[in-house]
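Asks: Provided herewith is a single structure, encoded as structure tokens, for subsequent inquiry.
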Amino acid sequence: MSIVYLNGEYLPMEEAKISPMDRGFLFGDGIYEVVPSYNGKLVGFGPHIDRMDNGLAAIDIQLDYSHDQWREIATSLSEKNGAGNLGIYFHVSRGADSKRSHAYPEGVSATVFAFAFEIPPEPVADRNVVKPYKVSTTQDLRWKRCNIKSTALLGNVMHYQHGHSEGSGETILFNERGEMTEGSAVNAYIIKDGKVITSPLDEQILPGITRLILLDVLRKDGSIPVEERVVTMQELRNADEVWITSSSKEVAPVIEVDGKAVGDGKVGDIWEKAQALFSAHKYNY
Ligand code: PDD
């Protein structure tokens, strides 16, 4: 039975109750995070909490949980739920009001919910073991503040479903100029002539923590050049390798885009090296 955290208490999932007037439920008015935890060891904890604090500030939700408090919740949830391969989900909504009104209410306290869910074992940097992705593409029809990790995810859900219904494991998105933004729940990369290229940080994409760690370890290692710039969909189709990243996937290779092979259709050499560097250094973040 899974033990969750709700507003200061640990309790069985079945006993965790939230008001139907909660603005998270009515409006998707909240911010969330997913932090990976392997045998109790967290990846990117500080940057994840910083991003959540930025999101809360961006939408004016007041909550004074410190990094230490969030760490205590993550550690307790891991211990209470078997301490295996877990994603720790944090969710802060603006709270439950007595009426449904769009304006931010006064005197309402935020709802804080957290739970742990199973994620795949730590990825191994081995092309014979990794399960590569096949992805679809579609136009990015989400809002213009995709840098905020909002719990209002209908756009992402519909885009994910588009790929899922075509048998793909992700959907890579492009804007009205035919430029790649990100995926429905991942950041996206092309590799061309030995260089890793990914969309720049702006309001069209989430500043992924896996992206932050990956780019930092690649730059510190120095053997694979990295560029953050606009990537066109034509470049995506002509790439030597394509990768997607997220907290639960780490660096995942993509071997097919819209039914067409990426490069020679096999997992690439540069992926293996990048995932090995990521695995070696991820616990330092
Ligand atoms: N998804 N872009 C989007 C739209 C995402 O939803 C995510 C993460 C990422 C990757 O971010 P990070 O490396 O910080 O996990 C990029 C999470 C895991 C989710 O919604 O479950």
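The values are calculated or read from the model by the stated rules, or taken from the named source; none is laboratory data. In this text the structure is predicted, and so the values were computed from the model without any measurement. Backbone-built Cβ (ideal geometry, glycine too); neighbour counts: all protein chains shown.
Asks: Filter segment 178-219 down to residues that are in contact (Cβ under 8 Å) with a residue 12 or more places away in the chain and basic (K, R) and give me whichever is nearest to the ligand (Cβ to nearest atom). Spell out the reasoning first.
Replies: Quick first cut of segment 178-219, residues in contact (Cβ under 8 Å) with a residue 12 or more places away in the chain only: 178-218.
Narrowing the set further to residues that are basic (K, R) leaves 192, 195, 211.
Values: K192: 21, K195: 21, R211: 6 Å.
This residue is R211.
Asks: Another question, then. Check off (1) outside any loop (DSSP other than H, G, I, E, B); (2) hydrophobic (A, V, I, L, M, F, W, C); (3) surrounded by fewer than 18 Cβ atoms within 10 Å (Cβ to Cβ) for I224 and give me the number that stays unchecked.
Replies: If we test I224 against (1) outside any loop (DSSP other than H, G, I, E, B); (2) hydrophobic (A, V, I, L, M, F, W, C); (3) surrounded by fewer than 18 Cβ atoms within 10 Å (Cβ to Cβ), just (1) comes out false.
Asks: Still on this structure, I have one more. If only one of T111, T151 is touching a strand residue (DSSP E or B) at 6+ places or on another chain (Cβ under 9 Å), hydroxyl-bearing (S, T, Y) and not assigned by TED's automatic domain parsing to the domain that holds L201, which one is it?
Replies: T111
Asks: Exactly one of these conditions fails for A74: (1) part of a helix (DSSP H, G or I); (2) surrounded by fewer than 14 Cβ atoms within 10 Å (Cβ to Cβ); (3) not hydroxyl-bearing (S, T, Y). Give me its number.
Replies: All conditions are met except number (2).
Asks: Evaluate segment 258-276: report whether one residue or more is assigned to a strand (DSSP E or B), out of contact with any Lys or Arg (no Cβ under 8 Å at 6 or more places or on another chain), within 15 Å of the ligand (Cβ to nearest atom) and over 23 Å from I119 (Cα atoms).
Replies: No, there is no match, as no residue in segment 258-276 is assigned to a strand (DSSP E or B), out of contact with any Lys or Arg (no Cβ under 8 Å at 6 or more places or on another chain), within 15 Å of the ligand (Cβ to nearest atom) and over 23 Å from I119 (Cα atoms).
Asks: Of the conditions (1) within 11 Å of the ligand (Cβ to nearest atom); (2) under 14 Å from W143 (Cβ atoms), L154 fails just one. Which one is it?
Replies: (1)
Asks: Can you pull out the residues in segment 158-182 that are of a type in the set (A, V, I, L, M) and more than 24 Å from V251 (Cβ to Cβ)?
Replies: M158
Asks: Residue check, W143 against (1) in contact (Cβ under 8 Å) with a residue 24 or more places away in the chain; (2) among the aromatic types (F, W, Y); (3) more than 24 Å from K266 (Cβ to Cβ), all met but one. Which one?
Replies: Going through the list (1) in contact (Cβ under 8 Å) with a residue 24 or more places away in the chain; (2) among the aromatic types (F, W, Y); (3) more than 24 Å from K266 (Cβ to Cβ), W143 breaks only (1).
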